[in-house]
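K.L.:
The structure follows.
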Amino acid sequence: MISSSIAPRRAVHRAAANATCTSRPRLLAPVCVSPASTSRFSSVAGVTESDEARSRKDAIDALLRVDHAGEIGANVIYKGQIAVLGRDKAVRPMLQHMLDQEVVHLAEFDSLLAEHRTRPSLLRPLWEATGFTLGAVTAAMGKEAAMACTEAVETVIGEHYNDQIRDLLERGDPKDAQLIATLKRFRDEELEHKDIAVENDSQQAPFYTALSTVIQQGCRAAIWVAKRV
Amino acid sequence: MLTKTNPAVACSRSIRQFTGLRPQSPRVRGSLSAPSARSSVLRCLSSTRPSPSAAAADPSTPATTVHSILDHALSHHVPRLGFTRSALVSSLSDLDLSSSALGMFPRTNYAGREGSPELVEEFWKACKQDLAGEVEADKKGFASNPKVQTVNGRVPSYSVRQWPSTGWDAMSLGERVRAVTLVRLGMTTKVGQHWADAIATMALPHNLPYAVQHLAETADEIWWLAGCRSTDLSWYLRRASLSLALSSSEIHLTQDPSLVAPSETLSSVPFSTTFDFLCGRLDELEWLKDLGEEAGKRIEFGVRSARGVVEAQTGWGRWV
C-alpha cells in the first residue's frame with residue numbers, strides 16, 4: 001500500500017499547483033473566453049475534449065446567431081421597401097421574389113438555431129426596427145435608392161457569407177459539410193439580389209456613394225454586434 | 001513514510017495521468033468502484049449508506065481526477081455530510097489520496113469556509129445530464145399504464161401523476177415544461193436535507209456567477225426537453241421566468257414540512273408542498289403570458305384602427 005499510493009499523491013500535488021486557474025463561467029459572452037485560458041486547467045480535470053467541443057460550439061453559435069440576425073434584417077428591409085413601393089407594378093414582383101427567398105433563408109436559420117441550441121440575438125427588436133426603417137426610408141427616396149440599399153446590404157452579406165465559408169473550410173471539420181453547402185446556396189442567392197439591384201439602376205441613386213458607404217459600414221457594425229450580443 | 005517507491009515509475013505515472021494520455025475513456029477514470037455514469041450518482045444519493053467497496057481503490061491504475069473525487073463524494077458522502085469540505089475530505093481518504101488534494105478545489109478552501117461550491121456544481125451537472133433520461137423513463141412508464149400509481153415497482157415521480165390522461169404527445173408546451181421542471185425539482189429533493197446549506201454556499205458573492213450560469217443552463221435544458229424551439233425574444237423571457245420559478249421553489253424546499261417530519265407526510269407524496277408551490281408559480285407565469293398576449297392584441301387593434309382612420313381621412317396609404 002505504501003509503495004502504491006505515492007503516484008496518486010505526487011500527481012495530486014502537481015495538479016493542485018495547476019488548479020489555481022479555474023475557468024470563469026460564461027454567461028452571455030462565449031466569444032470572450034479564449035481556449036488557451038482553459039487549457040492549463042483542462043489537463044488536470046481531464047476535460048480537454050469537452051473544451052475543444054466547447055470552443056467549436058461557441059464558434060458555430062456565433063456564426064448561426066449573426067446569420068439569423070442578418071436574415072431577420074434582410075426580411076424587414078424588403079418588407080419596408082414593399083410597404084412604400086408596393087403599388088409600383090414594375091418593382092413589386094422583383095421585391096417580392098427577393099423577400100420570398102429571404103423568408104426561406106430565415107426559416108432555415110430558425111431550424112438551425114433550434115437544432116444547435118443557439119440563443120438568438122438579444123437585439124432582435126433593434127434589427128427589426130432598424131431594418132424596416134432603412135428599407136422604408138430608402139424606398140421613399142425612390143426606386144433607385146432602394147436598389148442602392150439592396151446592393152450595399154447584399155454586398156456586405158455576400159462578403160460575410162464568404163468569410164464564414166472560408167473559416168469553416170479552413171477548419172476542415174466534416175461535420176460542417178452540410179452547413180457549408182447551405183451557406184453557399186444562400187450566398188449565391190444574396191449575390192443574385194445584388195445583381196438584380198445593379199441591373200435596376202442602383203447606381204443612378206441620389207448620393208449613391210455616400211448612401212452605399214453608410215449602409216455598408218452600418219451592416220458591418222451590426223454584424224460585429226450580432227456575433228456578440 | 002512513502003519513500004520506497006521507484007521514483008521513475010511514479011513520475012511516468014503522474015505524467016501519463018496529467019497529459020491527457022489516459023488509457024481509459026475520460027468518463028471512467030481508474031478502477032474506482034465509484035460511479036461510472038452520471039445516473040448512478042443520483043441513484044446513490046437516495047440511499048444514505050456509504051458503500052465500503054469504494055475504499056478499495058486499485059492503485060495500479062493512475063487515474064484519480066477532480067471529477068472522480070467529486071463523483072465519489074457526491075454518491076457516498078454528500079447524503080450524510082452535505083455539500084461540505086468534510087465530504088470531500090472523506091472522499092479523498094476513501095480514494096487513498098493526500099488531504100492536500102483539497103488544493104484542487106480552490107473555491108472550497110476560500111476563507112476557510114465549510115461549504116464546497118464545487119460539489120454543488122457537480123450535483124447540478126449530474127442533474128442536468130440525468131434529466132433527459134428521467135423524462136424518457138416517465139414517458140415510457142406513463143405510456144405502459146397511465147392509471148397505475150406504481151411503475152416498475154416504484155412510485156412514479158410526482159411529475160407523472162400531474163400528467164393529463166392524453167400523455168406526452170398531446171400535452172401543451174406549458175404542461176410539458178411543468179412535467180420536466182417537476183422531475184428536475186424532484187432531483188433536488190433527494191438532497192433536501194442539505195439544500196439550505198448548498199444555497200448559502202452558492203449565494204456567496206464569489207460563487208454567485210457560477211450559480212447563475214448553472215441555473216441558466218438548467219432552464220435551457222428544461223425548455224429544450226419540453227420542445228421549445230423559439231428564436232425570438234421569448235427565448236430569453238421563457239428561460240428567465242422559469243429560472244425564477246425553479247430557484248424560488250428550491251428555496252421553498254428548505255422549509256418543506258417533509259424535511260422536519262417525514263413520517264407525517266408519507267401518506268402523500270414527500271415534498272408535495274414544494275411541488276405544489278412550483279405549480280403555483282408556473283400557473284402565475286401562464287397567466288402573465290396570457291396577459292402579455294392580450295395586451296399585444298389590444299395594441300395591434302389600436303394601431304390598425306388608427307391607420308384606418310388616417311387612410312379614410314387623407315386618402316393616403318393603402319400600404320401592405
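Laboratory data are not the source of any read-out in this text; all were calculated from the coordinates shown. All values derive from a computational prediction rather than experimental measurement. Here the Cβ is made from the backbone with ideal geometry for all residues, glycine too, and neighbour counts use every protein chain on show.
K.L.:
In peptide A:120-133, what is the residue-averaged number of other protein chain Cβ atoms found within 10 Å of each Cβ? Walk me through the numbers before you get to the answer.
P.N.:
On the way: counts 7, 4, 3, 1, 5, 2, 0, 0, 1, 0, 0, 0, 0, 0.
What the average comes to for A:120-133 is 2.
K.L.:
In nanometres, what is the gap between the two model label sites at B:S248 and A:K175, each 7 Å from Cα along Cα-to-Cβ?
P.N.:
Distance between the two pseudo-spin positions: 3.8 nm.
K.L.:
Okay, next question. Go through the stretch A:120-229 and name the chymotrypsin sites (Phe, Trp or Tyr not before Pro) that are in a DSSP coil and have 12 or fewer other Cβ atoms within 10 Å of their Cβ.
P.N.:
A:F207
K.L.:
Please give the Cα centre distance for the stretch A:178-197 versus the stretch B:196-214, rounded to the nearest Å.
P.N.:
Rounded to whole Å, the Cα centres lie 47 Å apart.
K.L.:
Step through the residues of the stretch B:174-179 one at a time and calculate ³J(HN,Hα) from phi using the Karplus curve (6.51 cos²θ - 1.76 cosθ + 1.60, θ = phi - 60°), rounding each to whole Hz and writing x for Gly and Pro.
P.N.:
After applying 6.51 cos²θ - 1.76 cosθ + 1.60, I find x, 5, 5, 4, 4, 4 Hz.
K.L.:
How about the stretch B:104-138: which trypsin sites (Lys or Arg not before Pro) there are in a DSSP loop, with at most 16 other Cβ atoms within 10 Å of their Cβ?
P.N.:
In loop regions of the stretch B:104-138 (DSSP not H, G, I, E or B), the sparsely surrounded trypsin sites (Lys or Arg not before Pro) are B:R113.
K.L.:
Name the residues whose placed amide hydrogens come within less than 5 Å of the amide hydrogen of B:T84, ignoring near sequence neighbours (fewer than 5 apart) on the same chain.
P.N.:
Excluding prolines and chain starts, which carry no amide H, the hits are B:S116.
K.L.:
For the stretch A:119-136, what does the Karplus curve 6.51 cos²θ - 1.76 cosθ + 1.60, with θ = phi - 60°, yield as ³J(HN,Hα) per residue in whole Hz, taken in order and with x for Gly and Pro?
P.N.:
6, x, 5, 5, 9, 3, x, 5, 4, 5, 5, 5, x, 4, 4, 4, x, 5
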